[in-house]
1. So what's the angle, to the nearest 10 degrees on a 0 to 90 scale, between helix 39-90 and the longest Cα principal axis of the chain?
2. Work the Kirkwood hydrodynamic radius out for the chain: mean of 1/r over every pair of different alpha-carbon atoms, inverted, in Å.
3. How far is helix 3-27 tilted, in degrees, relative to the longest principal axis of the Cα atoms in the chain, given as a value from 0 to 90 rounded to the nearest 10?
4. Once amide H atoms are placed 1.01 Å from N in the peptide plane, what residues at a sequence separation of 5 or more from ASP38, or on another chain, have their amide H within under 5 Å of its amide H?
5. Counting other beta carbons within 10 Å of each Cβ, put TRP94, TRP60 in order, fewest first.
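Coordinate-derived values only; no laboratory data. In this text, all values refer to a predicted model and were calculated from it rather than measured experimentally. Heads up, the Cβs are rebuilt from the backbone with ideal geometry, glycines too, and the neighbour counts pull from every protein chain shown.
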Amino acid sequence: MPVDDLRCDRRAHARLDAVEGQLTIIVRAFPHTGADIDYEGHRKSHEAMIKAAQAQERFWEELKMDIAKKGAIGLLVIIVGLAATGFLVKFGIWQAMVSR
């Protein structure tokens, strides 16, 4: 076997070792049940996390909308109340109501 072929074999072997090391790291991300790797469980785990994140996002959006609606209604009630009070005072109705 020529020297160039040996160098090529060593480089290929070194690359193969590197790939195998990376694969070992990747495989550790998946749960193991005995000798088998649970790829389906890994996928389901990510799907559950995604659904939880989406539900949390929906919750916060709905909460913000609810607070905005109630805040707007509260502001409207205050403005109408102040306007009604001003109307009653301007036309002397307030004094008649208080003096009873």
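1. 10 degrees
2. Working: mean 1/r = 0.0466 Å⁻¹.
Its Kirkwood hydrodynamic radius stands at 21.5 Å.
3. Here the helix axis deviates by roughly 30 degrees.
4. Hits under the 5 Å cutoff: HIS32, THR33.
5. Values: TRP94 15, TRP60 10.
Ascending Cβ contact count within 10 Å gives the list TRP60, TRP94.
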